[in-house]
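The values are calculated or read from the model by the stated rules, or taken from the named source; none is laboratory data. What you are looking at is a predicted structure, and each value in this text was computed from that prediction instead of being measured. Cβ sites come from the backbone with ideal geometry, for glycine too, and all protein chains shown count toward neighbours.
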Amino acid sequence: MPFLTRSARRIGGLLAVLLIASLVIFLLIEAAPGDPASIMLGTSAAPDTVAALRAELGLNRPLGVRYLAWLAGLATGDMGVSFTYDTPVAELIGDRLLVTLPLTAMAVVLSVLIALPLGVWAANRPNGAVDTLASVFSQVGIAVPNFWIGLLLILGVALGLGWFTTGGFPGWGAGFAPAMGALVLPAIALAIPQAAVLTRVTRAAVIEVANEDFVRTARAKGMSRGRALWRHTVPNALLPVVTMLGLQIPFLISGAVLVENVFTLPGIGTLAYQALSQRDLIVVQNVVLLFTLIVLLVNFAVDALYSVLDPRLRGRT
Amino acid sequence: MRRLPLSLIIGGAITALLIGAALLSRVWTPADPTAMNVLNRLKGPGEAGLLGADQIGRDVFSIVMAGAWTSLGVAFTATIIGGAVGTLVGVTAAARGGAIERVLMAANGVLFSFPPILSAILLGALMGPGALTSITAIGIFMVPVFARISRAAAMQIWARDFVQAARMAGKGQALITVQHVIPNIQAQIIVQLAIQTGLGILSEAGLSFLGMGVAPPTPSWGRMLADAQTYISAAPHLVLAPGLAIAVAVLGLNLLGDGLRDLTDPRRRQAS
């Protein structure tokens, strides 16, 4: 199938899934108890004030019209106004992304930096000391909740050693170093379970590829063990690692909600959680859709990366 | 007799301990896990009970024991329900193929983009926090996990000769699925049940930590950690026990799953 048709079909599929997800989110939030207008005005508000606000917010319009209005707003970047923050939701989310995106990016980089060398090393000497260490790390790392790692880091590193802060975020206005410093411990907490999963996948993939004919041929032609490993084995083992990285994104997002909460970081996760507890449903609705969009986009990107990493897959869908 | 895999022995022992503690907590705990005793407030291990006391003087050891029941109950219920629905979706997709398979797997893709915490936030808006919200949110995420695994496994069975023979004999898709496919993939499903129950415990703990899990005073490991964070300077010991309980429980179930896999599929033993 020609490349363009295939890409168009994939983008169409992505949009269709996103549309279904948005409808599900919209209907769930609509079904949630409590009228936004009366929640905003409090229990003591007069009925006609509530009615006036309902009209102003457009809550009197039919369900379908409101859904379409939401989608139309999204297309122009208008997500409505949060009543607890009295700020446009889009602006609120934009601010919070400046914390969550660097945090998750740092965690992904950190987990890859731990997992790739550890997994490759473990695979290169199966049943050696590093392999044992790697397998203990991957078993334990998967089992340990990231928010508990966060608490232990606060206890041991922030309170014990006095390094970094126990939580909070100074804002990017305070300078690059203090802001990044506030993200270091949360990123470690977020990265360890991810690194555990990736180490396991890396090790298995490297062992599998190392037994392939082309690696044996390279070795038979006199290529050194290390050179064959880095030139032939590792690049070919990256596909399952990248796949797993993509599959882990939903967990990374869940993890960010928890870890941001532990370190009281003003990120998207904290926003979603606070909005829920204050029943600021317009924020919940948009944040959840944003998360879904991120998960779908990452999976889309991972699919696209396949053909870059493995030319054999080009031309297949 | 074949030697049992080490992971099966360790994982099985931890899981047995976990289930034992959960069951025992229904009839006996060292102290009442909900009884306050202000005199013991934030006392350390040994000063009040084996693991100390929390911010209102409840016995930590007893809450951890009772928390095992909550964690395991929520996680296992969610996994069984999600696993059953997911497996049904997976084997149906494998059996029918074509448009039905594509629609089912696309629906899976949508579900998979909602991690448990997101569904819990959405469902929390709808029905408030609680055990039912946790079970539904975790169960929803289990559906695509089991659907993917059972579909892949079932497709392998469908390609085998004995299934071809059954088709020649005039058996329908449903009958073949029940008589041939499910018996041949059940080992893989059971392995996943163990592993996913472990992940379910992690999710349950996360939800309780955020206050979206079971309602107080029902003991839960996640909420113990949320409480412990408030008193982290005054009583650091409160952070350790619940976290360790979660980690050991998940580790045990993962090892059990790995061990069962090695036992039922010896080919994988050399590979991994």
Could you tell me which of the residues B:ALA194, B:ALA215, B:ALA153, B:ALA226 is crowded, with 19+ Cβ neighbours inside 10 Å, closer than 30 Å to B:ALA35 by Cα and hydrophobic (A, V, I, L, M, F, W, C)?
B:ALA226
Given B:ALA84, B:ALA75, B:ALA107, which one is within 22 Å of the chain's Cα centre (by Cα), of a type in the set (A, V, I, L, M) and within 14 Å of chain A (Cβ to nearest Cβ)?
B:ALA75
Criterion violated by A:ARG219 - all others in (1) touching a residue at least 24 places away in the same chain (Cβ under 8 Å); (2) in a helix (DSSP H, G or I) satisfied:
(1)
Could you grab me the full set of residues in segment A:222-234 that are free of Cβ contacts under 8 Å to residues at least 24 places away in the same chain and within 16 Å of A:PRO117 (Cβ to Cβ)?
A:GLY226, A:TRP230
Filtered residues of segment B:75-125 (kept if of a type outside the set (A, V, I, L, M), within 23 Å of A:ALA275 (Cβ to Cβ) and without any contact (Cβ under 8 Å) to a residue 12 or more places away in the chain)
B:SER113
Single residue of segment A:28-51 satisfying the filter (under 16 Å from A:THR84 (Cβ atoms) and within 10 Å of another protein chain (Cβ to nearest Cβ)) that is surrounded by the fewest Cβ atoms within 10 Å (Cβ to Cβ):
A:GLY34
Considering only segment A:152-181, state which residues are within 12 Å of another protein chain (Cβ to nearest Cβ) and closer than 25 Å to A:LEU118 by Cα.
A:LEU152, A:LEU153, A:GLY156
Filter segment B:121-142 for residues that are assigned to a helix (DSSP H, G or I), more than 9 Å from every other protein chain (Cβ to nearest Cβ) and over 13 Å from the mean Cα position of the chain (by Cα); the one that is surrounded by the most Cβ atoms within 10 Å (Cβ to Cβ) is B:THR133
Could you pull out the residue among A:VAL262, A:VAL284, A:VAL241 that is surrounded by 20 or more Cβ atoms within 10 Å (Cβ to Cβ), over 14 Å from the mean Cα position of the chain (by Cα) and more than 10 Å from chain B (Cβ to nearest Cβ)?
A:VAL241
Out of (1) under 18 Å from the mean Cα position of the chain (by Cα); (2) crowded, with 21+ Cβ neighbours inside 10 Å; (3) modelled with pLDDT under 95, the odd one out for B:ALA247 is which?
(3)
Test set (1) modelled with pLDDT of 90 or more; (2) surrounded by 17 or more Cβ atoms within 10 Å (Cβ to Cβ); (3) more than 20 Å from B:THR230 (Cα to Cα) - B:GLY49 fails condition number
(1)
Selection from segment A:265-279 of residues of a type outside the set (A, V, I, L, M, F, W, C), in contact with a helix residue (DSSP H, G or I) (Cβ under 8 Å, 6 or more places away or on another chain) and within 11 Å of another protein chain (Cβ to nearest Cβ) yields A:GLY269, A:THR270, A:TYR273, A:ARG279
Within 15 Å of the chain's Cα centre (by Cα) and not acidic (Asp, Glu), is that true of B:ALA241?
no
Heads up, the helices (runs of 4 or more DSSP H) in segment B:164-263 (entirely inside) with at least 1 residues that are within 23 Å of B:ASP59 (Cβ to Cβ), facing another protein chain (nearest Cβ under 9 Å) and touching a residue at least 12 places away in the same chain (Cβ under 8 Å) are B:182-209, B:221-230
Go over the candidates A:ALA75, A:ALA90, A:ALA69 one by one and state the one that is under 30 Å from the mean Cα position of the chain (by Cα), of a type in the set (A, V, I, L, M) and exposed (fewer than 13 other Cβ atoms within 10 Å of the Cβ).
A:ALA75
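For every residue, the table says whether it meets (1) farther than 22 Å from A:GLY269 by Cβ; (2) within 22 Å of the chain's Cα centre (by Cα).
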{"site": "B:ARG102", "(1), (2)": "yes, no"}
{"site": "B:PRO115", "(1), (2)": "no, yes"}
{"site": "B:ALA153", "(1), (2)": "yes, yes"}
{"site": "B:ILE157", "(1), (2)": "yes, no"}
{"site": "B:ARG160", "(1), (2)": "yes, no"}
{"site": "B:GLN164", "(1), (2)": "yes, no"}
{"site": "B:MET168", "(1), (2)": "yes, no"}
Looking at segment A:103-114, can you tell me whether even one residue there is within 14 Å of another protein chain (Cβ to nearest Cβ) and within 30 Å of A:ARG203 (Cβ to Cβ)?
yes
Spot the failing condition for A:TRP148; the list is (1) touching a residue at least 24 places away in the same chain (Cβ under 8 Å); (2) buried (at least 23 other Cβ atoms within 10 Å of the Cβ), and only one is missed.
(1)
State which residue is surrounded by the fewest Cβ atoms within 10 Å (Cβ to Cβ) when the search covers only segment A:1-10 and only residues that are in a helix (DSSP H, G or I) and touching a residue at least 40 places away in the same chain (Cβ under 8 Å).
A:ARG9
